[in-house]
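Working notes, beginning with the structure itself.
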Amino acid sequence: MKKFCRHTLIASILLVCSFGARAGFDEGMAAYANGEFPIAFNEFKQAAESGDVYAEYNLGVMYGLGQGVRKNEEVAAQWYKKAADKGFAAAQYSLGVAYEEAMGVWRDEAVAFEWYRKAAEQDYPRAQLNLGLMYVRGQSVQPDIAQAYKWFHLAALSGDKLAERNCNHAEKKMTKRQIEQAIELASQWQPKLAKKM
C-alpha cells in the first residue's frame, strides 16, 4: 500500500511537470493526459534522449508504473538518476524513495537520505517530510527531533497535512526549548536554487 501511495503521488507529479514544457514533451503530456500511454512514452523517450530533464523524469515514472511500457523499476531508477543529477527535485525525491524502498536499486538508507536532502533543500515538501521521518527514526543520521521538526514544519508550510500531523506528534515529545530551537532552524532556512534546466 505504501508503494502504491508513493507511485500515485509520483504520477500526480508527472502532470505538474508539464509547466515549462517544450516541443515533443508537450505532445507527450497531451497523450498522457488522454491515457494514450504508448504515445506519451514514445514522445517522452525522444525528448529524454535529447537530454530533456522533464522527459527523463517522466520516463522514470512510466517505467515505474508500467504505463505504455513493461514495468521496470531498475530502468525507472536509471531515468530518475539522469534527471536527479541535473538537479530536478521531483527526480531526486523519487530516487530517494527508490533507495529507501529498494525499488529497482539496492536498499540504501544513506543514499536515500542524500537524495531526500537535495530535494528538500529545494523546498520539495514530500522530500522534507521524508527527511524529517529519517531524523525521527535515526535512519542514516543521529536521531534529532529538532531537525525532524524543522523539516516537518517546512513541509507543513506548503500545506502537507501529513507533515502537519508529524509536527504535532513531534511537539508532544519535545521540550518548549526544543520547539523554539526547531522553529528558529526553520525560520533561518533558505531553499537552494535548482540548476537551470
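Residue check: is ALA102 on the phi > 0 side of the Ramachandran plot and among the aliphatic types (A, V, I, L, M)?
Working: on the phi > 0 side of the Ramachandran plot: yes; among the aliphatic types (A, V, I, L, M): yes.
Considered against the rule, which asks whether it is on the phi > 0 side of the Ramachandran plot and among the aliphatic types (A, V, I, L, M), ALA102 comes out as yes.
On the basis of being more than 29 Å from ALA163 (Cα to Cα) and either touching a Phe, Trp or Tyr at 6+ places or on another chain (Cβ under 6 Å) or assigned to a loop (DSSP other than H, G, I, E, B) (or both), does ALA40 make the cut? Explain how you work it out, then say what you get.
Values: more than 29 Å from ALA163 (Cα to Cα): yes; either touching a Phe, Trp or Tyr at 6+ places or on another chain (Cβ under 6 Å) or assigned to a loop (DSSP other than H, G, I, E, B) (or both): yes.
Considered against the rule, which asks whether it is more than 29 Å from ALA163 (Cα to Cα) and either touching a Phe, Trp or Tyr at 6+ places or on another chain (Cβ under 6 Å) or assigned to a loop (DSSP other than H, G, I, E, B) (or both), ALA40 comes out as yes.
Quick one: in the stretch 145-179, of everything that is closer than 17 Å to ASP123 by Cβ and of a type in the set (D, E, K, R), which residue is surrounded by the fewest Cβ atoms within 10 Å (Cβ to Cβ)?
Restricting to residues being closer than 17 Å to ASP123 by Cβ and of a type in the set (D, E, K, R), the top hit is GLU164.
Suppose we filter the stretch 103-144 for residues that are in a loop (DSSP other than H, G, I, E, B), farther than 20 Å from LYS82 by Cβ, open to solvent by 40 Å² or more (accessible area, probe 1.4 Å) and free of Cβ contacts under 8 Å to residues at least 24 places away in the same chain; how many remain?
Result for the stretch 103-144: 4.
Scan the stretch 84-99 and give yes if some residue there is closer than 20 Å to CYS167 by Cβ, out of contact with any strand residue (DSSP E or B) (no Cβ under 6 Å at 6 or more places or on another chain) and either at pLDDT 95 or above or open to solvent by less than 40 Å² (accessible area, probe 1.4 Å) (or both), otherwise no. Even if it seems obvious, please write down each step before you answer.
First, pick out the residues of the stretch 84-99 that are closer than 20 Å to CYS167 by Cβ: 93.
Narrowing further to those that are out of contact with any strand residue (DSSP E or B) (no Cβ under 6 Å at 6 or more places or on another chain): 93.
Right, trim to either at pLDDT 95 or above or open to solvent by less than 40 Å² (accessible area, probe 1.4 Å) (or both) and you get 93.
Yes.
The values are calculated or read from the model by the stated rules, or taken from the named source; none is laboratory data. Since this is a predicted model, take the numbers as computed values, not measurements. Cβ atoms come from the backbone with ideal geometry, glycine included; neighbour counts cover every protein chain shown. Heavy atoms of the whole protein, side chains included, go into the accessibility calculation; ligands, DNA and RNA do not. Shrake-Rupley method; radii C 1.70, N 1.55, O 1.52, S 1.80 Å.
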